[in-house]
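**Q** One structure, as structure tokens, below. Some questions next.
Quick note: the coordinates plus some simple rules give every number you see, no bench work behind them. Everything numeric here is computed off the predicted structure, so don't read it as measured data. Neighbour counts run over all protein chains shown; Cβ positions are idealised from the backbone, glycine included.
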Amino acid sequence: MPLFLTFEGGEGSGKTTQIQRLAEALQKRGLPCVLTREPGGTEIGAEIRKILLDSKNSRLGPLAELMLYAADRAQHLGETIRPALRAGKTVLCDRFADATVAYQGFGRGLDLQLISDLNELATGGLKPDRTFLLDLPVEIGLARAKARLARQKSSEGRFEAEAHAFHEKVRQGYLRLSQEEPGRFRVVDATLDVEAIHRRILQEVEPLLEAKP
Ligand code: TMP
């Protein structure tokens, strides 16, 4: 089986830049890979993403939010992730099941067992080979994310509008997950410069490529 790698972190942690850099590095080595994201890794998922992230949807309740993420994930697994892995492609995914534990579980305070059951249902138990957690202080990440939203005149600001305390719970949730599964998680200091973070990630991925030719 090819590799399944996921990238997690709070707002403005630089995941998207890093995932693109890694995809370029792998493609240069002749390794076919698929770069995808949650929510929104399929056409249907893109519709679900609009509902989830549009800042005008402030009335979306926590349970409906949770179920939309699970629906996006189920579609994504069936339409994108599993077919790509079956075709021998490495999958790089910008957020996955851990995001639901961190945001809806630790952030919103929804039942962690319910989230675990829904994740199991949506993923069929598929786990990433490695998860890179790009960790940085909330205030730095939020400032970056808000600046980007303004620059791009984007309406995807529903989570950026949440209070600092919400994002702090998400950060601590992610760190807890990384402690619970140290074999899978690699925590990367996202305050470092783009090159340094890329090198750190590549250092971790290279041995995996050798182990899984
Ligand atoms: P992003 O594409 O900028 O990472 O935005 C996705 C947003 O959705 C981000 O604020 C985190 C949030 N999210 C959840 O709350 N739960 C999830 O399961 C996922 C995948 C994302």
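**Q** What are the residues whose amide H is under 5 Å from the amide H of residue 130, where those residues sit 5 or more places off or on another chain and H is modelled from the backbone?
**A** Close amide H contacts, sequence-distant or interchain: 4, 6.
**Q** Please list the non-local residues whose amide H lies under 5 Å from the amide H of residue 187, H modeled 1.01 Å from N, same-chain partners needing a gap of 5 or more.
**A** 133
**Q** Residues with beta-carbon under 14 Å from that of residue 60, excluding residue 60: net charge, scoring Lys, Arg +1 and Asp, Glu -1?
**A** Net of charged neighbours comes to +1.
**Q** On a full-extension model of 0.36 nm per residue, what is the gain between residue 31 and residue 208, subtracting their alpha-carbon distance, rounded to one decimal in nm? Present the calculation step by step, with values, prior to reporting the outcome.
**A** Details: separation 177, 0.36 × 177 = 63.72 nm, distance 1.27 nm.
The span from residue 31 to residue 208 would gain 62.4 nm if fully extended.
**Q** Using a cut-off of 15 Å between beta-carbons, work out the net charge of the residues near residue 46 (Lys and Arg +1, Asp and Glu -1, residue 46 not included).
**A** Within the 15 Å Cβ shell, the charges total -3.
**Q** Could you compute the net charge surrounding residue 149? Neighbours are other residues with a C-beta less than 14 Å from the C-beta of residue 149; K and R count +1, D and E count -1.
**A** +2
**Q** If you project the alpha carbons of the chain onto the principal axes, what extent comes out on each, in Å, largest first?
**A** The Cα atoms of the chain stretch 47, 36, 34 Å along the principal axes, largest first.
**Q** How would you rank 178, 58, 154, going from fewest to most other Cβ atoms within 10 Å of each one's own Cβ?
**A** 58, 154, 178
**Q** Taking only the C-alpha atoms, wrap a convex hull around the range 11-106 and report its volume per residue in Å³ as a whole number.
**A** With only Cα atoms used, the range 11-106 gives 100 Å³ per residue.
**Q** So, one more: Springs between alpha-carbon atoms under 10 Å, Gaussian network over the chain: tell me which of 96, 159, 132 tops the mean-square fluctuations.
**A** 159
**Q** Now, a different point. Rounded to whole Å, give me the distance from the Cα center of the range 93-120 to that of the range 21-38.
**A** Cα centres, the range 93-120 to the range 21-38: 26 Å.
**Q** Moving on to the next point. Compute a Gaussian network model of the chain, connecting alpha carbons closer than 10 Å, and tell me which residue from 139, 195, 160 fluctuates the most.
**A** 195
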